[in-house]
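Here's the structure, in structure tokens; my notes come after.
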Amino acid sequence: MDDLLLDAARRGSRYLSTLRERSVAPTPDALARMHLLGGPLQDDPIDPAAVLAQLDELGSPATVATASGRYFGFVIGGSLPATVAANMLAAAWDQNAGLQTASPVAAELEKICRPWLASLLNFPEATEVGFATGATMANFTGLAAARHAVLADHGWDVESRGLFGAPPITVVVGEEVHASLLKALSMLGLGRDRVVRVPADHMGRFRADALPTISGPAIVCIQAGNVNSGAFDPARDICTRVQGRAWVHVDGAFGLWAAASPSKRHLTDGLDLADSWATDAHKWLNVPYDCGLVFVRERRHLNAAMAASAAYLIEGESRDPHLFVPEMSRRARGVEIWAALRSSGRSGIAALVDRTCAHAQRMASALRDAGHEVLNDVELNQVLVSFGSAEATERVIAGIQREGTCWCGGTVWKGRVAMRISVSSWATTDDDIDRSIAAIVGEARAVLG
């Protein structure tokens, strides 16, 4: 086992150290060789060292280099060094983090991280946190707490009686609501299509002045960081307008981390007035996949929505993690969260946010200077660029993905096809930005002539 783990560490280290030289996208040859990982399952065991070698030699070249400083797709962050190492140690521990009795250290790390996170993100001191797989499940969990609370206020116990015959819940979302939140609503029986949609402004912000009249059980869902433009809904205005009449849930998959930066915190004004919040740690906090966080102002609502009991489940003395997320048996995600917070501190996390936002600003300025249209107000880490027609923009995006210097995705913003650049990784350097700008400008020149 010792030799095998050391070999895995060496292979992982070599993979990371070669990212700066390799194409961000895997080569066609690497993709073609993946079939060698398959074939009929053999009858006899294979030496674990040989299995690891095959996985590395065939699998590593076929990865997308999302840990590279030149990966700008899907708001994917890298993994901080301390979190990669902590992840490896946590894998060796192999803890089931659902119960304190099954893993005292996993439960304790979550307990320690709760006030750290609440303070960092400017939430009320008593805010409870659950460690989920990502923002989809964090949204699901926060909205489950909301469903419990708004129906309990009207005399209905949804956990025991279900939704059959329950008072109808009005769910209000912005026009730019993210697909993950709609998915969460559908899984909760609240429906994707029965929501009330509120118009958005030119940057995708929820128009508070267009809020409908609210009566009965109601949940209002707002965004912290539009997935395309990076814009924030006017949280203070919305929360003030619906105070006492609706539960406010915040989908802040990446944008919530702006609260950790003194220079960007103003964008999050009023978010502390909401009732629940969802975010990804594997985005801007830069921990390994998968890790999402749900926060709920009042612990009792989250606990009521997520609680489970059985005769064989031994209750912990302080805090059983499974009481705050859907999963019971799960990995110890709090290990990497703790490592990120402990290794970075407040100033390190603020610097990460500020640095990536500055990179995005420089990318936007350079592309604008080269004659290309930036479609959004670049307040955060998101940049939307048009290269003229939809066809030309799509060709530039495809060319950049194929060429491999960097990786940027595409989107449709206000009816226009755009390249979407998301700068989210601690690993991105000034040199990465310089190389990426040159590659994008060069590809655009080749397409546009």
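Table for the structure above
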quantity: Cross-link partners of LYS111 among lysines (Cα-Cα below 30 Å; sequence separation of 8 or more within a chain); calculated: LYS183, LYS264, LYS283
quantity: For VAL171, distant residues with modelled amide H under 5 Å away; calculated: VAL196, ILE219
quantity: THR63-ARG33 pseudo-label distance in nm [points 7 Å out on the Cα-to-Cβ vector]; calculated: 1.5 nm
quantity: Two-decimal log10 I(q)/I(0) for the stretch 86-340, as the Debye equation yields it once each C-alpha is a single scatterer, q = 0.12, 0.13, 0.14 Å⁻¹; calculated: -0.66, -0.78, -0.90
quantity: Computed label-point distance, nm, for sites GLN243 and ARG402 using a 7 Å Cα→Cβ extension; calculated: 5.7 nm
quantity: Estimated 222 nm signal from helices in the chain, with DSSP H stretches of n ≥ 4 weighted -39500 (n - 2.57), rounded to 500; calculated: -12500 deg cm²/dmol
quantity: Proxy reagent accessibility, fewest Cβ within 10 Å first, across ASP269, ASP94; calculated: ASP94, ASP269
quantity: Residues LYS414 and SER329, FRET efficiency given R0 of 51 Å [Cβ-Cβ distance, rounded to 0.05]; calculated: 0.70
quantity: Amide hydrogen neighbours beyond the local backbone of PHE232, cut-off 5 Å, H modeled; calculated: GLY225, ASN226
quantity: Relative contact order of the chain, defined on C-alpha pairs under 8 angstrom at six or more residues apart (%); calculated: 22 percent
quantity: Rounded Å value of the spacing that divides the Cα centres of the stretch 384-429 and the stretch 126-201; calculated: 33 Å
quantity: Listed peptides 25-35, 213-223 by packing density, highest first (mean Cβ within 10 Å); calculated: 213-223, 25-35
quantity: At least 15 Å along the helix axis (C-alpha) and Kyte average at least 0.0, DSSP helices within the chain; calculated: 81-93, 104-120, 135-152, 334-369, 430-448
quantity: Cα extents of the stretch 2-68 along the three principal axes, largest first (Å); calculated: 39, 31, 14
quantity: Gain upon complete extension [ASP430, ALA370; 0.36 nm per residue less C-alpha separation]; calculated: 19.8 nm
quantity: Ranked by how many other beta carbons lie within 10 Å on average, peptides 189-196, 134-141, 280-287, 161-168 from highest; calculated: 280-287, 134-141, 189-196, 161-168
quantity: Theoretical gain in end-to-end length, THR18 to GLU125 [0.36 nm per residue, Cα-Cα removed]; calculated: 34.2 nm
quantity: Full-extension gain in nm, MET88 to ARG236, via 0.36 nm per residue minus C-alpha separation; calculated: 49.2 nm
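Quick note: the coordinates plus some simple rules give every number you see, no bench work behind them. Given the structure is predicted, the values throughout are model-derived calculations rather than measurements. So basically every Cβ, Gly included, is an ideal-geometry build from the backbone, and we count neighbours across all protein chains shown.
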